Each structure stands twice: as structure tokens, then as C-alpha cells.
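Take a look at the structure below.
Nothing in this text is a laboratory measurement; each read-out follows from the coordinates by a stated rule. All figures in this text were calculated on a predicted structure; none of them were measured in a lab. Heads up, the Cβs are rebuilt from the backbone with ideal geometry, glycines too, and the neighbour counts pull from every protein chain shown.
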Amino acid sequence: MVDDNFKDDQEQKEKVDSKTDDGQGVSRRSFIKNSGIAAGGVVGGALLGGLLGNPFETEETTSQTDSQKQEKNPTEARMFFTRYEDFVVLEQATERIFPKDNNGPGAIELGVPYFIDKQLAGSRGTNANEYREGPFVGSKVVDSRLTRGQIFIIALRKMNSLSNERFDTPFNEAEEEQQMDILKDFEAGEIDMKDVDSSDFFTLLRDSTIEGAYADPLYGGNRNMDGWRMKEYPGSVASYADIMEQDEFVKMDPVSLTDYQQKS
Amino acid sequence: MAIKLDKTDAVIVGTGWAGGIAAAELTKQGYKVVALERGEDISSEDFIGSKDELKYEVRHDLYQDRTKETITTRNTTDEDAKPLRDQPTDTNGDGTGGTSTHWAGWTFRFLPFDFEIRSKIEEKYGEDRIPEDMSIQDWGIIYDELEPYYDKFEKTAGISGEENPLGPERSDDYPNPPMKETPSIRMFKEAAEALGYHPYRTPSANMSQQYENPDGETINACVYCSFCEMYGCDFGAKADPIVTVLKTAKKTDNFEIRNHAYVTRVLHDDDKASGVLYVDTQTGEEYEQPADIVVVAAYTYGNTRLMLLSEIGEPYNPETGEGIIGKNITAHYGNLLFTGVDGFFEDKKFNSFAGTGALGATLDDYNGHQIDNNETDFLHGFQLNISQGGAEPISNNPVPKDTPSWGKEFKENSLYYTNRHLGVGSMEACLPREHNFMDLDPRYNDIFGDPLLRLTVKFTDQERNLAKYKIEKAKEIMEEMGADIVEAPEITDETEFNQDSIHSHTTGGVIMGDSPETSAVNNYSQMWEKENLFVVGGSSFPHIGAYNPTGTIGALAYRATEGMVEYLEGDGGLLIEPKEEDKA
């Protein structure tokens with residue numbers, strides 16, 4: 001039996017989908033037009049850029065190929081990071097940690113920044129599953145009075161300000177080597193980050209990136225299971241009983257929980 | 001004011017193996033049992049489709065809820081301790097089945113040597129060989145007495161295994177044959193045999209075939225899906241309390257589990273316990289559950305802390321050496337006693353992603369009874385092993401040491417070596433020291449305002465020397481196995497206990513022995529000073545041998561339960577007369 005509410009929802013969704021024919025939800029062009037922002041108005045250019053990207057790139061954005069349109073994932077919007085300029089630092093930092101290469105996609109293509117955004121929006125970002133009584137002693141991320149989410153923001157802004165100071169350019173526009181220099185200083189514990197050891201933050205950033213590359217795609221990373229494909233890891237396979245004793249390496253097409261778990 | 005409930009025959013704190021075994025045996029005998037479990041109501045249904053590495057293996061979803069309580073740690077008594085705030089490597093669990101739902105299933109028997117450790121070392125190497133601050137002691141029971149209980153536990157849990165050629169005598173075979181043999185296990189065994197060792201298949205609580213245990217519970221055949229340790233079993237194919245003893249207890253109609261029931265005190269007067277006090281953490285309501293016998297069967301931490309909070313027994317004082325509760329903490333500390341070696345193979349790939357919790361092989365050629373400690377700068381010894389638990393992708397990114405931990409080279413090497421890597425692991429015995437102990441922390445409290453348990457632990461040359469020695473032996477095996485690169489962690493004088501050391505297998509605190517002078521409980525896990533109080537579990541180990549503790553926890557729980565029944569049927573009193581110590 002089809003649930004009526006569910007049916008209504010579906011119809012509603014179809015209506016919305018048909019309106020957003022450029023595959024971006026409410027299109028950038030119509031938003032700008034309707035809100036009056038494009039006419040100058042009260043919002044300055046910098047903020048406009050932060051919110052929407054460069055509005056003058058509209059033509060380019062709308063001329064996406066059909067395959068790119070199909071890949072649009074409605075869960076890929078920022079839930080935790082309110083400032084676009086923080087998020088692009090995160091994108092670049094994770095890409096340096098797990099770069100695109102001959103083996104396959106890097107952190108950005110795998111959806112790692114969105115994975116981290118979702119993690120920080122939940123209990124991980126608020127340390128909600130942890131012991132939180134004071135006094136807070138120690139310099140590790142987990143020992144801080146600050147939450148993981150707060151520490152991420154402090155660190156990413158630090159990366160950006162260091163890039164501006166050293167290279168006169170924002171982190172996300174700096175050269176790879178320049179970005180690496182800053183990350184290495186974090187890793188070495190040489191960056192002042194309130195009461196947190198920057199090397200411990202770097203470990204968190206590094207580990208979060210690996211998590212986003214290889215966790216089940218249900219968390220928003222490991223897009224298309226490409227992390228698993230590169231690693232020749234098969235995912236949620238019910239049984240390996242048949243291959244346990246054999247010498248040959250077995251390559252399998254990966255299975256994610258969306259196909260493994262029972263569904264109605 | 002606590003609501004006072006009707007009295008029951010037995011109240012059990014905790015529903016892991018120890019509590020579950022007590023529940024099954026007491027209810028089968030017709031006694032009414034209430035089990036109080038601080039965590040969630042968990043059933044096998046919760047594990048169906050649970051192949052989620054991030055949730056279980058990385059975030060450790062089945063570990064203790066630290067928002068309510070945690071432990072604190074430090075190295076020495078002149079330091080302030082720091083709380084363990086998140087869910088790192090410390091494995092103790094929450095919820096129905098306790099830590100036992102997410103265990104790997106390695107099920108060993110301790111050595112006859114372990115149970116008589118002080119006597120055996122004195123006999124073999126002389127009294128002077130034991131450092132003055134090493135508080136090893138005989139357990140008040142010998143292997144031959146415990147053997148029938150090991151046998152019983154192995155049959156309840158359907159252990160799959162083969163006889164250890166260097167192991168102690170057994171009254172019967174394992175109930176199931178060993179698990180499947182993989183290429184890496186074959187390589188380990190062949191290399192070990194070529195070096196003159198005696199490898200055998202690791203005894204496993206993952207089933208090599210479908211099995212019905214003596215209580216009539218069916219455990220399914222393991223399918224080697226690799227989501228095992230740190231997970232609950234997707235297929236009911238790992239022996240845990242949920243599919244065995246708790247199920248058995250439930251069938252009797254004499255059993256009730258109350259979840260979210262956080263026990264805060266054991267109530268007592270004079271020489272008896274009268275019940276326990278607990279809080280329903282979902283309502284905040286406080287209850288008193290009276291009982292004829294009280295069974296405290298939580299993890300080592302919970303057992304020790306409940307004794308300290310309830311003011312039962314004398315807290316251990318490291319300055320004077322007086323007191324018992326909190327004494328003799330030992331564990332397989334991750335950065336030292338659990339260390340192994342890595343082998344990288346350029347031309348061979350393994351199906352490393354496949355496996356199950358206790359799939360492997362072990363050898364005991366350097367364990368306590370085999371090794372000659374006249375030739376070593378440490379006492380006791382270790383086992384070496386190979387295991388194929390199934391390598392999940394976040395947690396397993398093996399790279400040779402000169403590889404950075406991130407960036408292009410890391411990505412390239414970690415992808416290349418993921419399925420070209422094997423490890424030879426080890427576990428070493430940990431011997432207690434007078435300066436290592438547990439007590440109540442003066443600074444940090446739980447959600448009820450009660451002080452947390454504090455661990456004070458500092459390594460000594462005993463552990464470091466043992467680790468250095470065993471790593472050399474493990475390297476030789478890995479080289480014999482043909483690895484192109486063999487690497488081992490560096491053990492230095494700076495290798496020290498910290499929060500990442502706490503891996504699992506923490507024992508002690510409410511230790512057993514043959515006299516109240518040296519122990520809190522007798523070999524029935526009966527408190528010397530409260531005859532109807534049984535404190536069961538790893539907390540009773542005077543030291544941890546070179547094996548996973550669960551087999552011995554299971555055996556001691558069956559032994560304890562026999563004592564509980566005897567106590568309930570008889571006229572009370574101590575089940576064993578304390579031995580008079582000839583104090584020097």
C-alpha cells in the first residue's frame with residue numbers, strides 16, 4: 001500500500017524538479033534576478049562572491065554537460081560551514097592530503113570536504129558523545145574546551161591568514177607547494193592555535209580526510225565508491241567464505257550499504 | 001529517596017560474558033535473577049546490515065558511553081590525572097552483552113604457569129629474581145582445578161580450534177574444528193615450523209560450522225565477512241552472550257534484564273551485601289534492588305570502582321602496600337605489549353579485506369612455561385601470532401616507514417601496499433607493580449557526581465625489554481615468510497604509558513587469591529569480607545598472561561556460579577577457608 005503522504009511528497013518533488021531545469025535547484029540566474037542582488041543593491045561584491053561564487057560566471061555554469069548535471073547530489077550543500085571561504089580552504093587542504101593522481105580521484109572529487117562538513121554538523125563536531133566535564137587540561141584536540149567544529153574553523157582561518165601573510169594570496173588560490181608549506185607547519189606543531197597543538201589538529205584533519213575517502217558513501221564521501229575501487233576494497237560483501245583458502249587475489253566490484261542493507 | 005523494589009534471589013551488575021554466564025546457570029537452577037545493564041537494549045537484530053567501518057571500527061559505537069562516565073589516567077602519584085574524553089582504543093563496552101558483543105573471539109586458556117606464577121618463578125629462578133615491587137602472586141587456584149570450567153566455557157561458546165602442541169592438558173577436544181586456513185596463515189605456519197616453532201590455529205569463537213551448544217542455543221557458521229572485532233555479528237555467527245547465555249537465561253522465565261540501569265552502589269551491612277542502588281538513566285529515578293546474592297560482573301573498571309564507591313574492602317595504598325582494592329592493574333598496553341612487525345611484499349597480493357575476528361595461528365614457544373628466563377632480562381614471556389581479521393580501508397593504510405603520512409607518496413604507497421602487507425603480532429604477559437593501581441579521582445566526577453576511576457601506570461624495563469626481545473623474534477618469522485621489507489616499532493626508554501596505550505584486556509583491582517591478606521575474592525570470586533557478594537570478571541586476575549582474557553573470564557565465571565549455587569543452597573558462609581599467610 002502506498003502511503004498517501006509519501007505520494008504527495010513525490011508529486012511535490014517532481015514539481016520542484018521540473019522547475020529547476022538547470023539541475024541546480026533554484027537557478028543562480030533566477031535567484032539573482034529575483035532577489036535584486038545583481039542590480040547592486042545593498043550587498044557588496046565580496047559577500048556576493050562568498051555566497052554565490054562569481055556571478056559573472058553564470059554563463060559557464062549553465063553550460064554544464066549533461067553528465068555533470070546527472071552527478072549533482074542534493075546532499076552536497078554546506079550544513080556546518082557557513083562561510084564559503086572557510087570551505088574552500090578545507091577543500092584545498094584535504095586535496096593536498098589525498099590528491100588526485102594516476103590512481104584516481106582526490107579528496108575533492110571523492111566528496112571529502114562535504115563528508116567533513118556533515119561530520120562537523122553532527123555529534124562529531126560538537127563532541128556530543130564525549131566526556132566534557134572540566135577542568136580541560138592537555139593540548140590535544142579532544143582535551144580542549146573548544147569543540148571539534150570550532151577548532152576546524154580556527155585552523156582553516158589560520159591557514160588562510162598565513163597564506164595571505166606569506167604569499168599574499170588566499171589559501172585556496174595559493175600554489176600547491178605553498179599550501180603544503182603551511183600544512184607542514186601545522187603538522188610540525190609550529191602554528192599557534194589557542195590551547196590546541198596544531199600537530200594534533202593536523203592529525204584530525206588527516207584522519208578525517210582518510211575517513212571521507214574510504215567510509216561508506218552513506219556519509220557523503222567516497223563518492224561513487226571510487227575510494228574503494230582505488231584500494232581494491234569490495235565494501236559490504238556478505239561472505240568471503242569461498243575465497244578464503246585461495247592464493248589468487250580477487251578483484252570485485254564494490255557494494256555499499258545502500259545496496260546491502262534491508263529496505264522496504 | 002530510592003524506590004525499594006521486591007527482593008530477588010540474585011541481582012547481577014552487567015550482562016557481558018561473566019554476568020551472562022551467572023544469569024544462565026542461576027536461572028536454570030530455578031533462581032530468580034535480575035540483571036542490571038547500564039547501556040542500551042541490544043539484540044542480534046541491531047547488527048543486521050551493520051557493515052559500517054566509520055561507525056563501529058573508527059568511532060567505536062559499541063564502546064562505553066563516555067558522556068556518563070569515563071576513566072582518568074596518569075603515570076605517577078605526583079601528577080594530576082587527565083580524563084579519557086572520547087572513544088579511542090579503550091574497548092570496554094556498553095549495552096546488552098557488554099564488551100563481549102564486539103570482541104574478536106580469541107579464546108585461550110592461561111598456562112598452569114600463570115596460576116602459580118610466584119611459586120613457579122621462585123622454584124625455577126630463585127626468590128631473588130622477582131623484583132621487590134613486582135606484586136605477582138599465585139591465584140589461589142591451579143590449572144587442573146580450573147580445567148573443567150574452561151571446557152565448559154569452550155563448549156558454551158562453540159570454540160573452533162586445534163590442540164596447542166605446547167599447551168596444558170585438556171580433558172576434551174575443542175567442540176569445533178579450526179577455521180579455514182588462508183594463504184597468510186599457511187605462510188606463517190610454514191615459516192614458524194622452519195624455525196623450529198610449534199604453531200597452532202588460534203582458538204576462535206567464530207564458528208567453523210553451525211553449532212548447537214549444550215544449552216540448546218544455535219550459533220551459525222561464520223561466513224568470513226570481515227566485520228567482526230568492534231562490530232556485533234551480522235549473522236549470529238560469533239559466540240556472544242546475546243546468542244548464548246542470555247538467551248538461555250531468558251528461556252527459563254526466571255530472568256529479567258533492565259537496561260539503562262546504572263548501578264551506583266552495592267548496599268551492605270556487616271558481612272553481607274543487601275542489594276544494589278541504581279538509577280534509571282532514562283527517567284532519573286533511583287531504585288534499590290534487594291537480593292540474596294549480589295553479583296558484580298562489569299568490566300574491570302566498573303567492578304573496581306563499585307567496590308571503592310561502596311566502601312567494600314580496603315583501598316590499595318601504594319605508599320604502604322596495604323589494602324587490596326585497586327591493586328595489580330595489568331593490561332596488554334597497545335604501544336608496548338601489543339606491538340608486532342609489518343611485512344611488505346612486492347610481488348604477492350593477499351585478500352586482506354576478507355577475514356574474521358579470531359582467524360589465525362599462534363605459537364607459544366616463548367610463553368611463560370617455555371622460555372628460559374635465566375637467558376632473558378625479563379620474566380614470563382609472550383606468544384606470537386598471525387591474524388586475518390579483515391582489513392577495512394579507513395583503519396588499514398600500511399606503508400613502509402619512510403613514507404609520509406599524507407600527500408602524493410602516501411596515497412601511492414598506501415594503495416599499493418594495502419593488499420601486499422601482513423603483520424606478525426604478539427601479546428605479552430603483563431606483571432603487576434606496586435606503583436601501578438586504580439583509585440578514585442579527586443577532580444573528575446560522573447553524571448551522578450561520583451568520582452571517576454583513576455589509573456596510575458608507569459612502564460618498567462620488564463615490559464620494554466620483553467617487547468624488544470619479542471619484536472626480534474617476530475621479525476625473524478616475517479623474514480622467513482619472505483617479506484621484502486620488514487619493519488618494527490622502535491621501543492625506547494621513552495616509550496611510556498599514555499591514553500593511547502589503553503587498548504583492551506585491562507585486569508586486576510579486585511584480585512583473587514587464597515587469603516584475605518593478599519586478595520579480595522577467593523577462587524569462587526566470592527568476596528572474603530561479604531560472603532554473598534561475588535565480583536566476577538577480569539578484575540579478579542592478579543596478572544594478565546600472554547593471552548586474551550575472555551577464555552579465563554568465562555572459566556572463572558562458571559566456577560563462580562557453582563559457588564553461588566552452593567551458597568544459595570547451603571547455610572551461607574565462606575565457600576573456602578582462608579589460608580593462613582606465613583607473613584615474613
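For segment A:212-227, the Karplus equation 6.51 cos²θ - 1.76 cosθ + 1.60, evaluated at θ = phi - 60°, returns couplings of x, 6, 10, 5, 3, x, 4, 8, x, x, 6, 4, 6, 6, 6, x Hz by residue, with Gly and Pro reported as x. In the protein assembly as shown, taking the dipole from charged Cβ atoms about the Cα centre, the farthest positive-side position among B:103, B:158, B:321 is held by B:103. Here segment A:115-264 is treated as a sphere whose radius is the Kirkwood value from Cα pairs; by Stokes-Einstein at 10 °C and 1.306 mPa s it diffuses with a coefficient of 88 µm²/s. Under a 5 Å amide H cut-off, with hydrogens placed 1.01 Å from N, residue B:433 pairs with B:135 among residues at least 5 apart or on other chains. Once you sort the root eigenvalues of the Cα gyration tensor of segment A:106-187 as a ≥ b ≥ c, which label holds: rounded (a/c under 1.5), prolate (a/b larger than b/c) or oblate (the other case)? Oblate, since a/c reaches 1.5 and b/c is not below a/b. Amide H contacts under 5 Å for residue B:445: B:452, restricted to partners 5 or more places along the chain or on a different chain, H placed in the peptide plane at 1.01 Å from N.
Relative to the longest principal axis of the Cα atoms of chain B, the long axis of helix B:183-194 makes an angle of roughly 80 degrees. I need the shape label for segment B:250-395. Rule: rounded when a/c is under 1.5, else prolate if a/b > b/c, else oblate, with a, b, c from the alpha carbon gyration tensor. The shape class here is oblate. Across the options B:182, B:261, B:228, the greatest Cα extent toward the positive end of the charge dipole of segment B:159-299 (unit charges at beta carbon of Lys, Arg, Asp, Glu) belongs to B:182.
Dipole magnitude for segment B:227-372: about 580 debye, using +1 per Lys or Arg Cβ and -1 per Asp or Glu Cβ, origin at the Cα centre. Peptides B:524-533, A:244-253, B:447-456, B:102-111 ranked from most to least packed, by the mean per-residue count of other Cβ atoms within 10 Å: B:102-111, B:524-533, B:447-456, A:244-253.
Annotation: amide H-H contacts under 5 Å for residue B:71 (H modelled 1.01 Å from N, sequence separation of 5 or more, or interchain): B:84.
Think of each Lys and Arg Cβ as +1 and each Asp and Glu Cβ as -1; about the Cα centre, that makes the dipole of segment B:290-372 roughly 340 debye. Take B:295-301, A:166-172, B:500-506 and order them by the average number of nearby Cβ atoms within 10 Å per residue, most first; the result is B:295-301, B:500-506, A:166-172.
Per-residue 3J(HN,Hα) values for segment A:146-151, derived from phi via the Karplus relation 6.51 cos²θ - 1.76 cosθ + 1.60 with θ = phi - 60°, read 6, 7, 4, x, 4, 5 Hz in sequence order (x marks Gly and Pro).
Shielding of peptide A:119-126 by partners, expressed as the average count of other chain Cβ atoms within 10 Å per residue Cβ, is 1.
Among the GluC sites (Glu not before Pro) within segment A:147-231, those in coil by DSSP and having at most 12 neighbouring Cβ atoms inside 10 Å are A:175, A:190. Quick check: net charge around residue B:453, other residues with Cβ under 11 Å of its Cβ, Lys/Arg +1 and Asp/Glu -1? My count for the surroundings of residue B:453 gives -3. Note on chain B: antiparallel DSSP beta bridges, both residues inside, total approximately 65 percent of the bridges counted.
For peptide B:54-66, the mean count of partner chain Cβ atoms within 10 Å of a residue's Cβ comes to 3. Please report the projected area of the protein assembly as shown's Cα convex hull averaged over all directions, in nm². Projected area, direction-averaged: 39.1 nm².
Helix B:408-417 and the longest principal axis of the Cα set of chain B meet at an angle near 80°. Our coupling estimate for segment B:438-447, obtained by passing each phi through the Karplus curve with A = 6.51, B = -1.76, C = 1.60 and θ = phi - 60°, is 10, 8, 8, 7, x, 10, 10, 10, 8, 5 Hz, Gly and Pro reported as x.
Taking the DSSP beta bridges with both ends in the protein assembly as shown, the antiparallel portion is around 65 percent. Between residue B:311 and residue B:347, the contour length at 0.36 nm per residue exceeds the Cα-Cα span by 6.8 nm. Taking Cα centre as origin and charging only the Cβ of basic (Lys, Arg, +1) and acidic (Asp, Glu, -1) residues, the dipole magnitude of segment B:133-194 rounds to 420 debye.
Look at the stretch B:77-86: the mean tally of other chain Cβ atoms within 10 Å of its residues' Cβ atoms is 5. With angles folded into 0 to 90 degrees, how steeply does helix B:550-569 sit against the dominant principal axis of chain B? Use alpha carbons for both and round to 10. Relative to chain B, helix B:550-569 is tipped by roughly 20 degrees.
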